[in-house]
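Visitor: If you scroll down you'll find the structure; I have some questions about it.
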Amino acid sequence: MGDEQYLTGSLLIAMPAMPDPRFSESVIYLCAHSEEGAMGLVINRMAENIDFAELIDQLDVDVPASQTGLPVHSGGPVESGRGFVLHSRDYECEGTMEVDDGIALSASVEVLREIAHGRGPEKRLLALGYAGWGPGQLEHEIQDNGWLHVAADDDLVFGAGISGKWTAALAKIGIDPAQLASNFGRA
């Protein structure tokens, strides 16, 4: 598979018949995809039982009360205690990984500290955990009609309206979810 066939920087959209309930109606931003596997963050599911203020408190970072409202997403079932910030390229710290021309990924306490103090990236999405696939696994799931994919855009990735992201991602490729069959066969 050539680099042009990898989906880094794209969105995965779960099909209605997704067999894994953890990914039902999920939209995942793919941070990395290569012959070694894939890694992404679910961008339309909120973390349960924790908010930004509690997370920052656990990390022992002083935060002005005005900066505690950042939503915390559930990025996926792998390493659910590990934090990631998907963000615009206007910010970089040690260990920041460029995903594509406009989006980067940071996993340091420093980026959280900057955000907590009203600095840091202009656009950001904080997630705990990630979704991961071994070599060839994602390609197999796509072939089995588990996922669709579409080019990412800032509105879908960073925009509000968590509950509407799945429908909006499908609409971006001209699909009405009501017209999708919930079970698929293979020819």
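Per-residue answers, yes or no, for (1) in contact (Cβ under 8 Å) with a residue 40 or more places away in the chain; (2) over 30 Å from Thr96 (Cα atoms); (3) aliphatic (A, V, I, L, M):
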residue	(1), (2), (3)
Lys123	no, no, no
Leu128	yes, no, yes
Asp153	no, no, no
Leu156	yes, no, yes
Thr167	no, yes, no
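Visitor: Looking at the range 94-130, which of the residues that are in a loop (DSSP other than H, G, I, E, B) and modelled with pLDDT under 90 is nearest to Asp57 (Cα to Cα)?
Guide: Taking the range 94-130 and keeping what is in a loop (DSSP other than H, G, I, E, B), we get 94-96, 99-102, 107-108, 117-123.
Pick out the ones that are also modelled with pLDDT under 90 and you get 94-95, 101, 108, 117-120.
On the way: Glu94: 22, Gly95: 23, Asp101: 33, Ser108: 15, His117: 13, Gly118: 16, Arg119: 18, Gly120: 18 Å.
Step by step, filter the range 94-130, then rank; the result is His117.
Visitor: Next question, about the same structure. Restrict the check to the range 52-71 and report whether at least one residue is closer than 30 Å to Asp20 by Cβ, at pLDDT below 95 and touching a Ser or Thr at 6+ places or on another chain (Cβ under 8 Å).
Guide: Yes - at least one qualifying residue is present in the range 52-71.
Visitor: Residue check: is Met46 in contact with a Cys (Cβ under 9 Å, 6 or more places away or on another chain) and closer than 29 Å to Pro16 by Cβ?
Guide: Details: in contact with a Cys (Cβ under 9 Å, 6 or more places away or on another chain): no; closer than 29 Å to Pro16 by Cβ: yes.
Answer is no for this residue.
Visitor: Which of the residues spanning the range 130-148 are over 17 Å from Ala32 (Cα atoms) and surrounded by 13 or more Cβ atoms within 10 Å (Cβ to Cβ)?
Guide: The first filter runs over the range 130-148 and keeps only residues over 17 Å from Ala32 (Cα atoms), leaving 143-146.
If the condition is that a residue be over 17 Å from Ala32 (Cα atoms) and surrounded by 13 or more Cβ atoms within 10 Å (Cβ to Cβ), then Asp144, Asn145, Gly146 are the ones that fit.
Visitor: Which residue out of Ala127, Ala160 is under 18 Å from Tyr29 (Cα atoms) and surrounded by fewer than 17 Cβ atoms within 10 Å (Cβ to Cβ)? It would help to see each step written out before you state the result.
Guide: Details: Ala127 fails: surrounded by fewer than 17 Cβ atoms within 10 Å (Cβ to Cβ).
Being under 18 Å from Tyr29 (Cα atoms) and surrounded by fewer than 17 Cβ atoms within 10 Å (Cβ to Cβ) holds for just one of Ala127, Ala160, which is Ala160.
Visitor: Suppose we filter the range 4-24 for residues that are surrounded by fewer than 16 Cβ atoms within 10 Å (Cβ to Cβ) and either closer than 20 Å to Ala47 by Cβ or among the charged types (D, E, K, R) (or both); how many remain?
Guide: So the answer is 5.
The values are calculated or read from the model by the stated rules, or taken from the named source; none is laboratory data. Source: prediction; values computed, not measured. Because the Cβ atoms are built from the backbone with ideal geometry, glycine has one as well, and the counts that use them run over all protein chains shown.
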